[in-house]
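Reviewing the structure listed below.
The values are calculated or read from the model by the stated rules, or taken from the named source; none is laboratory data. What you are looking at is a predicted structure, and each value in this text was computed from that prediction instead of being measured. Methodologically, a virtual Cβ is constructed for each residue, glycine included, from the backbone with ideal geometry; neighbour enumeration extends over all protein chains shown. We work out accessible area using only protein heavy atoms, side chains counted, and drop any ligands, DNA or RNA first. Shrake-Rupley method; radii C 1.70, N 1.55, O 1.52, S 1.80 Å.
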Amino acid sequence: MTHKAAFTAVKTVKAYERVVEQIETAISKRELRPGDRLPSERELMLTFEVSRSTIREALRVLESTGLVRSRPGDPRGPEVLQASPAILTKTVSRLVRLETIALSELVEFRIMLEGTACTLAAQHRTEVQLNDMRAAVDAMQAQVDNGPVAFSRADVAFHVTVWAASQNQLLQICGEATRGALIDMVTDELDRAPDSQARMELSLAHDREILGAISAGDGARAGRLARSFVIEYYGDIISSQSRAALGSVADEAPA
């Protein structure tokens, strides 16, 4: 009997893709570290035995993924960058805009992350981090009269401290990416809303409650408060059906 194997077409790999692959591998193996410099364009051309246009295309791809920063003519060569959630943020935003994932799915994921981060922060926070959270909440209070933009910066500072206190770097990266994507998607709409002042007051009140739970070491309460707040804050921009489903997620998510 003849077997019918599922063969696919052979893809020709372009030279710049091979260059990208080798540099990515060197970075992933920590042979190249943040702050290190790649050789100059000319040296890269000689090393890889390719044209200048191939090297420039490879560097363009590496820059687009946030791995290196290249300045034409810089004699020191392209710089290897510290890992950043910025690319992940852009990717998540793009997925929502292209409707690959629904905005309600992004909010749902945010609920899970926010609740977990606050629960862990209540267990692991230090006194220094608690003081930073208190200072951030005070700064939020001071910025209420200065509008949503200034207030949002203070609000972000509070959440950054909370997420850092979770002591989980992957959680922090995913949290920053989802927060950035949500801000990218809905901030303009929320800021133009006639109740923007009420939203700021709501944020401040909730953050004070979350801070109180974290300070008391009550992870279960901190997690519940965080999950409920995400729904309350973003509920108006998703359907009532999605909001009801997300409410169920918030109630049932483990603390």
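Specify the residue that is modelled with the highest pLDDT; the eligible residues are those in segment 70-91 that are in the same structural domain as A26 (by TED's automatic domain parsing), open to solvent by 50 Å² or more (accessible area, probe 1.4 Å) and among the charged types (D, E, K, R). My answer is R76. Screening segment 165-175 for residues that are buried (at least 18 other Cβ atoms within 10 Å of the Cβ) and at pLDDT 90 or above and picking the one that is nearest to D132 (Cα to Cα) gives A165.
Identify the residue in segment 161-177 that is more than 11 Å from the chain's Cα centre (by Cα) and among the aliphatic types (A, V, I, L, M) and, among all such residues, is farthest from I210 (Cα to Cα). If you could, list the steps in order and put the result at the bottom.
Let us first name the residues in segment 161-177 that are more than 11 Å from the chain's Cα centre (by Cα), namely 161-169.
Within this subset, residues satisfying the condition of being among the aliphatic types (A, V, I, L, M) are 162, 164-165.
Values: V162: 10, A164: 15, A165: 13 Å.
That would be A164.
Selection of segment 196-254 for residues being at pLDDT 95 or above, in a loop (DSSP other than H, G, I, E, B) and not aliphatic (A, V, I, L, M) yields G217, D218. Filtered by the rule that a residue be surrounded by fewer than 23 Cβ atoms within 10 Å (Cβ to Cβ) and part of a helix (DSSP H, G or I), segment 117-132 gives L120, Q123, H124, E127, V128, Q129, L130, N131, D132. Residue count for segment 133-142 under the criterion of being open to solvent by 20 Å² or more (accessible area, probe 1.4 Å) and in contact (Cβ under 8 Å) with a residue 24 or more places away in the chain: the result is 2. In this structure, is V80 aliphatic (A, V, I, L, M) and within 20 Å of F229 (Cβ to Cβ)? No. The set of residues from segment 49-69 being open to solvent by 50 Å² or more (accessible area, probe 1.4 Å) and either in the same structural domain as K90 (by TED's automatic domain parsing) or not in a loop (DSSP other than H, G, I, E, B) (or both) comprises R52, S53, R56, E57, R60, E63, S64, R69.
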